[in-house]
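Reviewing the structure listed below.
A short reminder: the numbers here are calculations on the coordinates, not readings from a lab. Just so it is clear, the model here is predicted, and its values are computed rather than measured. Backbone-built Cβ (ideal geometry, glycine too); neighbour counts: all protein chains shown.
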Amino acid sequence: MALVNLSEAARLTQKSRMTIHRYIKSGKLSVIKGHDQLPLVDTSELIRVFGNIKLDVTPQTQQELHHVTPERQSIINMENDIKKLINEVQQLKETMKDIDEIKELVLRLEYKESNTLNPHSLEKKNKKKEAKKPEDDSDWPKEVKTTADITLRKKIRDKYRQGNL
């Protein structure tokens, strides 16, 4: 026979839902759990316990049997949301793989300093490496003949103190 929920069982037997619940709790009426873990009653079980049941199946009551309750609809909506989230997570994982590949390519393409610089820039670089003291700087005036030489020496010293090699 057909399985019905507790509200429909109460309607078919013309009893209250509380009465149906009491019968279930006392063991007079057996139920099974549906796929959504809600209790369902077989109509043959209702006939066994309550006798004849009211079976006035009209098009309206058939619609009620197939009607989705708000609770069930919210569960369906949550299941759909979960499926969407799972799909988004999978897409994000694929995107992360792509990002990792791009990062690897960028690391390969990054500018690496090489010895193929023009000779003039290499010469300047070597001078800076060699010049550790202001006196070793190539612009340092060896002899002080004018105040301009003193001023130049002062500028070079300040440059080395500030770390602007």
Legend entry - Per-pair calculated FRET efficiency, R0 = 45 Å: THR95 and GLU135 via Cβ, rounded to 0.05: 0.15
Legend entry - FRET efficiency, SER44 to ASN87 (Cβ-Cβ, R0 41 Å, nearest 0.05): 0.45
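State, to one decimal in nm², a quarter of the convex hull surface area for the C-alpha atoms of the stretch 1-51, i.e. the direction-averaged projected area. Spell out each step's value before the answer.
On the way: hull surface 12.7 nm².
That works out to 3.2 nm², a quarter of the Cα hull's surface.
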